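Taking it in order: structure first as structure tokens, then the write-up.
The values are calculated or read from the model by the stated rules, or taken from the named source; none is laboratory data. Remember, it's a predicted structure, so these values are computed and weren't measured experimentally. Using ideal geometry, Cβ is built from the backbone for each residue, glycine included, and neighbour counts are taken over all protein chains shown. Remember, those area values only see protein heavy atoms, side chains included, never the ligands or the DNA or RNA. Shrake-Rupley method; radii C 1.70, N 1.55, O 1.52, S 1.80 Å.
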Amino acid sequence: MFISVLDLFKIGIGPSSSHTMGPMVAAARFLDGLRASPFSPHGVRAVLHGSLAFTGVGHATDRAVILGLAGFRPDDYDAEAAEAALAQIRADGRVAPEGLPSLAFAPDRDLAFDYDAPLPGHANGLVLAATDAQGDVLVQETYYSVGGGFVLTEDELAQGRDTDDGPPVPYPFKSAAEMLEMCAETGQSVAELKRANELSRRPAADLDAGLGRIWAVMSDCIDRGLAADGILPGGLQVRRRAGSIHNALLAERGLNRAAPHAINDWMSVYAMAVNEENAAGGQVVTAPTNGAAGVVPATIRYWLDHVVGASTARVPEFLLTAAAIGGLVKHNASISGAECGCQAEVGSASAMAAAGLCAVMGGTPAQVENAAEIALEHHLGMTCDPVKGLVQVPCIERNGLGAIKAVSAASLSLRGDGTHFVPLDAAIETMRQTGEDMSHKYKETALGGLAVNVPNC
Ligand code: SF4
């Protein structure tokens, strides 16, 4: 099992990694397959299943599939060009991806939402097909968007979720227990093990440049969110709050007016800035998903701006440690809200952030594992019930609370010696089982919880 830090932290677009980025990636993969096939298709069709159907409009899945079939990708997404392309496609009923002939694709006719038949492999399934002039299928592929922008075909899913055919890594830990054993045997930190694994796949210069870019995009996203104002799209009339709260916090600085717990507002405001940007369809980094994209950046920014001795030079260590934990959660449970509820998204993000913060504040591997465990344990059972299927309520505030729990978990852990009652592996397995038992109403379908109890929605 190897999940790269640069795959777990991916630059993309909001509002959802599983419902926006994943379907766009699936469409890109489908087009690559068409380019390599002997067929000359006349048109394309798409059917969204399960959670992609239920919350697809709120999560902009329809736009993502349309743009994906037109050749757009999340990593170099150009918002202005996308708007122009969407208008053109709706007017012409055709997409014109590079390297293929113009294809018939009228979204009203050729993009369907199937609410009745979820696909067997995962809650987020979509089927893409290329057809001839009679409408008969020439090529068809089923894709699953398994969370965090990761996409698997039906065959890949059947072979095992984290299929990895790259060269072996020096520290192939599949559990937190194995990770701790390897740290003890080698005397290395979690980040050092993870870095050594990464270097078996890419040169150090590429890794360092990638990590630098990840933090730059995260940090820019916070700054853009703090500077923005207005109403978020989607119809809920949710107002952006990060900017005004941030201004109030700045005004209180040095006046002895703020309560000690105002530090929590700083953590919240950094996370909310990211998630407001995400809700507006802006550029974010999956951490490990878009819905949970605020927790890790907010925790890093809190550390850099509010903790004496913090330094940007150690942000890569934070990210590598967080990615080691995120990889364990993804491999042994899930980072998908559609699969295990919000415990898998904000819960995983909080565990990752707690581990990263603990590491850069001098924690031992045992304390790092303890920090991740505390954060995850206290998100267990958390459902995903986004109002109107939008990644806004409860998601935006929830990221702030996820960051606060991450900081508390790291702090508690650093006050101990790393010995603790519940192993991280047990918390991850509990999250998996709880997610399996959770009603589908609470797994990104907007059929239960806040999504049905908030008035006028
Ligand atoms: S409730 Fe949690 S899992 Fe669901 S969309 Fe919001 S952030 Fe993602």
Self-check item: Computed lengthening from D136 to D78, 0.36 nm per intervening residue step minus Cα-Cα distance
Solution: 17.5 nm
Quiz prompt | Contour minus Cα-Cα distance for A91 and R239 (0.36 nm per residue) | solution = 50.1 nm
Quiz item: In segment 387-451, what trypsin sites (Lys or Arg not before Pro) fall in a loop by DSSP, with at most 10 other Cβ atoms inside 10 Å?
Solution: R415
Practice problem: Consider just the alpha-carbon atoms of segment 16-158 and return their Rg together with their Dmax, both in angstrom. | Solution: 13.7, 39
Exercise. Find the accessible area per residue for the chain; the probe is 1.4 Å, ligands and nucleic acids are left out, and the unit is Å².
Key: 39 Å²
Quiz item: Which Cα, out of A242, A228, L255, lies furthest along the positive dipole direction of the chain (beta carbon charges, K/R +1, D/E -1)?
Solution: L255
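So which of K174/K441; K10/K174; K330/K405; K330/K443 end up more than 24 Å apart, counting from Cα to Cα?
Numbers: K174/K441 31 Å; K10/K174 22 Å; K330/K405 20 Å; K330/K443 16 Å.
The answer is K174/K441.
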Quiz item: Using +1 on the beta carbon of Lys and Arg, -1 on that of Asp and Glu, and nothing else charged, what's the dipole of the chain about the Cα centre, debye to 20?
Solution: 1060 debye
Quiz item: Mind checking Rg over Rh on segment 218-273, alpha carbons, Kirkwood formula for Rh?
Solution: 1.03
Quiz item: Which residues make up the longest stretch of the chain that has no chymotrypsin sites (Phe, Trp or Tyr not before Pro) in a DSSP loop with at most 16 other Cβ atoms within 10 Å?
Solution: 116-420
Quiz item: Residue by residue, what Karplus-based ³J(HN,Hα) values in Hz, rounded to whole numbers, does segment 407-417 have, using 6.51, -1.76 and 1.60 with θ = phi - 60° and x for Gly and Pro?
Solution: 5, 5, 5, 5, 5, 4, 4, 5, 7, x, 10
Self-check item: Accessible surface of the chain, 1.4 Å probe, proportion on carbon and sulfur as whole %
Solution: 52 percent
Practice problem: Please state, to two decimals, what the Cα-based radius of gyration of segment 200-317 comes to when divided by 2.2 N^0.38 Å (N = residues). | Solution: 1.16
Exercise. Please work out how much length the chain gains when fully extended from D223 to A177, using 0.36 nm per residue of separation minus the C-alpha to C-alpha distance, in nm with one decimal.
Key: 12.8 nm
Quiz item: On alpha-carbon atoms, Rg over Rh for the chain using Kirkwood Rh?
Solution: 0.97
